[in-house]
Amino acid sequence: MLKAAGVAAGATAVGVTATPSASAAGYAHPGLLHTGADLARMAAKVKAGSAPHTAGYARLTANRHAQSGWTANPQATVYRGAGSPQNYAALYNDLHAAYQNGLRFHVSGERAYADTAVAILNAWSAKLTSLAGSADRFLAAGLYGYQAANAAELVRDQPGFDLARFQKMLTTVFSPLSESFLTGHNGAVVTNYWPNWDLAAMACVLATGIFCDDSAKVDQAVEYFKNGSGLGAVRKAIPVVQDDGLAEWLEAGRDQGHALLGVGLMGTFCEMAWNQGIDLYGYDDSRFLKGAQYVARWSLGGDVSYTANSRRKGAIGGWSGTETASGAAGVDPAMTRPIWAMIANHYTKRRGLSAPYLTRIAAKASPEGGGGDYGPNSGGYDQLGFGTLAFTRDRDRAAAAPGGAGGSPAASAGASAVDSSASASPTAQSSPDGRTSAHAATGHGDGLASTGATDLAAWSAATGITALAGGLLLLRRRGRARKTAE
């Protein structure tokens, strides 16, 4: 497997040196949702008073989880869905506190936040031995496994952090349940569970593989994204590409909340892979872009078409039946999750593509908060959030290759639209499966640049920042809708 040999060198920012390192297995650290260059950019932008980063940082510092006085509440067994006591809230609250303190440390340079994150994570790795409950234990493993790895990645090199013990917890408590779900689906027929179940498990396995330098886990997760048997595989979660270039999101036939969760999880999965040199954002003619655009348009109250589909339900060798989704569910335009900044910035800033619905909904959701800002229940903690701070980036004048830095355009798998002014570079080349070689880092200009005339008004109106209109890049329309037969 080809892994990124280098991510853009970190820079000193507000007293913090965020310098990524390559592991013996070839994985870059930090290198899950945030690279060293990303962390340095956040700190520099906030220090410079740049909007909307300062608004995003204000949401972080106002969150009760992002305070250095947070005390962990670790449990030996975490129960979700059944069992006694149902205590999974202790886990997700502590993981969000660790992540938020770790992020705040990298932006502010204040040691107390790193120490708090380390203390929280060490407390859990010293005590947690199992996840239990109903089938929801698989959700707990997937959601909280990827979050745990991301929180720990922010402090993996900090004094006092027990890296080996945390890796053991991920590989013995979280990842085994997620791997089991992807292969056995809890004894159910493979389509019994909606895409989110697979996507959560996939995110956990990928994050664990990167954090623990385990290429077998990374390969398993990436292969499942492309060709998995369950509904989380990309062509099953997004089964139909329409004439207008949008692609139907399967879970839109269920409800809006779960569709938003799925987009957030797939975006998280693609971002973590991208930061290790694997382009899944562009896989299968940028299928995820088309699906995310569909959900964004629908969530904004726009009309979307939906091809009726039936899925088998039940247990293998036991009860079974079918369920049909005949149309897209109703939406509440006020409903939001902190998922859009990451996806919109990838496609419009890194890749230079036009994504008007993503741009509009990201602007509407800005500045994004995190766990604790979207309600008290578990659904408000499914994403780590703070995308306005973490993912707002300046537009690359040339489409970038995977790996977290700028650079020359990579011929990503099936890219349907590229900047006509960009020329290919021998330092950034892609194989047919979308993996790219190491690439040179480039500088970024200042200011929030738009990607085209259709994006200019939305960014400007929502953020109050003057946007520079670049060339409008349109996704190629397919001649006809097609439905994958898998």
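The distance linking region 31-80 with region 101-126 is 10 Å (Cα centroid to Cα centroid, whole angstrom). Determine the share of region 98-167's accessible area contributed by carbon and sulfur atoms, expressed in whole percent, with a 1.4 angstrom probe. Ligands and nucleic acids excluded, carbon and sulfur reach 49 percent. Kirkwood analysis of the Cα pair distances in region 231-380 returns a hydrodynamic radius of 16.1 Å. Ordering of 340-347, 204-211, 190-197 by packing is 204-211, 340-347, 190-197, highest average first (other Cβ atoms within 10 Å, averaged per residue).
Here the 3J(HN,Hα) profile of region 179-196, calculated from phi with Karplus coefficients 6.51, -1.76 and 1.60 at θ = phi - 60°, is 5, 4, 5, 5, 8, x, 6, 6, x, 9, 4, 5, 9, 4, 9, 4, x, 4 Hz, Gly and Pro shown as x. Centroid-to-centroid, using Cα positions, region 152-218 and region 235-294 are 20 Å apart. Ranked by the mean number of other Cβ atoms within 10 Å of their residues, highest first, the peptides 58-69, 312-323, 357-368, 96-107 come out as 96-107, 357-368, 58-69, 312-323. Along its principal axes, region 53-191 has C-alpha extents of 48, 32, 27 angstrom, given from the largest down. Based on C-alpha pairs under 8 angstrom that are at least 6 apart in sequence, region 202-300 has a relative contact order of 24 percent.
Less than 5 angstrom separates the built amide H of G245 from those of R478, all sequence-distant by 5 or more or on a different chain.
For the residues K168, K290, a 1.4 Å probe over the protein chains yields an accessible-area ranking, largest first, of K168, K290.
Could you estimate the translational diffusion coefficient of region 327-374 from the Stokes-Einstein equation, with Rh from the Kirkwood formula over C-alpha pairs, at 20 °C and 1.002 mPa s, in whole µm²/s? Before the final figure, lay out each step's value.
Working: Rh = 11.8 Å.
Translational diffusion coefficient: 181 µm²/s.
The values are calculated or read from the model by the stated rules, or taken from the named source; none is laboratory data. Predicted model only: the values in this text are computed from it and were never measured. Reconstructed Cβ throughout: ideal geometry from the backbone, glycine too, with neighbour counts over all protein chains shown. Calculation scope for accessible area: heavy atoms of the full protein, side chains included, ligands and nucleic acids excluded. Shrake-Rupley method; radii C 1.70, N 1.55, O 1.52, S 1.80 Å.
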